[in-house]
Amino acid sequence: MVDVPELVAAARSGRPRAVARLISLVESASPQLREVMAALAPHTGRAQVIGLTGSPGVGKSTSTSALVTAYRKRGKRVGVLAVDPSSPFSGGALLGDRVRMQEHATDPEVYIRSMATRGHLGGLAWAAPQAIRVLDAAGCDVVLVETVGVGQSEVEIAGQADTSVVLLAPGMGDGIQAAKAGILEIGDVYVVNKADRDGADATARELNHMLGLGEARQPGDWRPPIVKTVAARQEGVDELVEALEKHRAWMDEHGVLAERRRARAAREVETIAVTALRERIGDLGGDERLGALAHRVVEGELDPYAAADQLLAALTGRY
Ligand code: GDP
């Protein structure tokens, strides 16, 4: 058993190993998870959570690393959570490949962690927000949440951030892809990376056009800026940080940050509740109640909705 208060105190005083340990407790759904989350709760809400999404190869990992450099220059403590919704494997192997992060690996003010979210009950959808809480409570000023790999969950990951950055690159047919993936609705800031390549201006223009096609904005509405970067050479990254800071200020001013965080917390609570419910249904299946209901549905004695009602009634009666 872990001494949770001690571990939380160590993480808050900036000990990277304590932070790593807390995230491991979250990821393994430790029996002490509840105790950990309760201890962290009073210390959360300070970090700016920034999500980065975009097609593979667009430069997310390079941009994340470049952002870490830029924020470190400003004296900020930075957390990086690389979430892979397409893999069931968490941990070192993934990060080992992420050479670009290596330059930050020995910086005690930078916490880098990868997390796979597939292949677990409830898709581990609850785990990423809890890991963000750990990084937040550990005093990170900025938490960068990067989606690694491909997955439908891109939009879902974006939903966990205060500010969503969508990356595109020239020559990838990204404009059209983006529109298809509904990514044009989720970006607060757009980045056209690889601006050293031909076609960057055309990509930015196309994107600008597509963003303008939406409904007429009201005065004071946020118009997502498009920032051109060469992440591999740290170019345009200060402008990106500036755009992120402007977005944060705009959210504060218009009450958007509080609203987004409430919506996020609501989803988080719902996800945890649904996961718990599913586990309990699993337990019920063990004592064959679900099996018996299924049998009656197959026999036509009961419709699936009535059966579900009975199952829920059994659950609430039992717990
Ligand atoms: P991710 O899959 O979205 O995380 O993309 P990566 O960050 O791994 O980058 C994919 C490739 O693009 C790598 O070979 C990078 O070196 C390269 N790359 C990243 N940023 C730039 C850039 O600004 N310009 C150019 N020319 N290449 C870049």
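Residues are listed down the side, and each one gets a yes or a no for (1) assigned by TED's automatic domain parsing to the domain that holds residue 195; (2) within 19 Å of residue 44 (Cα to Cα); (3) open to solvent by less than 10 Å² (accessible area, probe 1.4 Å); (4) at pLDDT 80 or above:
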| position | (1), (2), (3), (4) |
| --- | --- |
| 108 | yes, no, no, yes |
| 111 | yes, yes, no, yes |
| 117 | yes, no, no, no |
| 120 | yes, no, no, no |
| 137 | yes, yes, yes, yes |
| 141 | yes, yes, no, yes |
| 153 | yes, no, no, no |
Checklist entry - For segment 35-58, how many residues meet the condition of being within 8 Å of the ligand (Cβ to nearest atom) and in contact with a Leu (Cβ under 6 Å, 6 or more places away or on another chain)? => result 2
Item to check | Yes/no for residue 243 being assigned by TED's automatic domain parsing to the domain that holds residue 168 and in contact with a strand residue (DSSP E or B) (Cβ under 6 Å, 6 or more places away or on another chain) | outcome: yes
Checklist outcome for this item: Residue hits (segment 17-45; closer than 18 Å to residue 143 by Cα and buried (at least 18 other Cβ atoms within 10 Å of the Cβ)) are 18, 19, 22, 23, 26, 27, 37, 40
Checklist entry - How many residues, within segment 60-74, are open to solvent by less than 10 Å² (accessible area, probe 1.4 Å) and either outside any helix (DSSP H, G or I) or more than 16 Å from the ligand (Cβ to nearest atom) (or both)? => result 1
Checklist entry - Among the residues of segment 200-241, which ones are basic (Lys, Arg) and either surrounded by fewer than 18 Cβ atoms within 10 Å (Cβ to Cβ) or at pLDDT below 95 (or both)? => result 205, 217, 223, 233
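The values are calculated or read from the model by the stated rules, or taken from the named source; none is laboratory data. Small disclaimer: the values here were computed from a predicted structure and weren't measured. Quick reminder, even Gly has a Cβ in these numbers, built from the backbone with ideal geometry, and neighbours come from all protein chains shown. Accessible surface areas use protein heavy atoms only, side chains included; no ligands, DNA or RNA. Shrake-Rupley method; radii C 1.70, N 1.55, O 1.52, S 1.80 Å.
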